[in-house]
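K.L.:
Structure below; questions to follow.
Here, each number is a calculation from the coordinates, and none is a lab measurement. These figures come from a predicted structure and were not determined experimentally. Glycine also receives a Cβ, built like all others from the backbone with ideal geometry; neighbour counts cover every protein chain displayed.
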Amino acid sequence: MSVAAIDVGLKRIGAAICQHMGVITPLDAVLRRNRNQAAQDVDKLLNEYNIKTLVVGIPENEETARRIKHFVSLLAFSGEVVFVDEDFSSYEAKERMRGTIKQKRDGRIDSLAAMIILERYYRSTG
């Protein structure tokens with residue numbers, strides 16, 4: 001079963017997929033010009049990989065969580081949506097990348113954070 005995770009940010013949306021059990025791959029981040037464009041781009045990605053379950057990183061901050069849930073409501077996705085705690089996933093992504101590549105604002109950290117969110121999902125489902 002194909003599962004994807006997204007890490008929704010104001011400028012970029014990190015994305016990662018798992019098409020074969022245990023193999024999680026970060027994808028290119030979706031650059032966000034506006035909500036509708038970003039939702040269309042995420043929908044395109046979900047369709048391209050035939051995703052059945054979408055895992056969405058959600059923070060404890062209520063206002064940010066509300067914005068992320070609103071963004072998810074803009075998607076045309078009809079599969080299962082699961083919200084997973086995303087706290088410190090971007091920090092953990094930066095730590096994993098420390099010293100390996102120069103940290104740029106190109107979306108790699110965002111997609112690595114999405115990969116971490118997907119790892120958390122699989123750990124919680126046992």
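K.L.:
If I model a spin label as a point 7 Å beyond the Cα along the Cα-Cβ vector, how far apart are those points for Lys52 and Gln19 in nm?
P.N.:
The two pseudo-label positions are separated by 1.5 nm.
K.L.:
Going by C-beta contacts inside 10 Å, put Arg33, Arg120 in order with the fewest on the left. Working shown, then result.
P.N.:
Values: Arg33 10, Arg120 19.
Ascending Cβ contact count within 10 Å gives the list Arg33, Arg120.
K.L.:
Let me ask something additional. Work out how much length Arg35 to Ser73 would gain on full extension: take 0.36 nm times their residue separation and subtract the Cα-Cα distance, in nm to one decimal. Before the final figure, lay out the partial values.
P.N.:
Working: separation 38, 0.36 × 38 = 13.68 nm, distance 1.08 nm.
Additional length available on full extension: 12.6 nm.
K.L.:
A further question follows. May I ask for the net charge around Gln19, where only other residues with Cβ less than 12 Å from the Cβ of Gln19 are counted and Lys, Arg are +1 while Asp, Glu are -1? Spell out each step's value before the answer.
P.N.:
Values: positive: Lys52; negative: Glu48.
With Lys, Arg at +1 and Asp, Glu at -1, the neighbours total 0.
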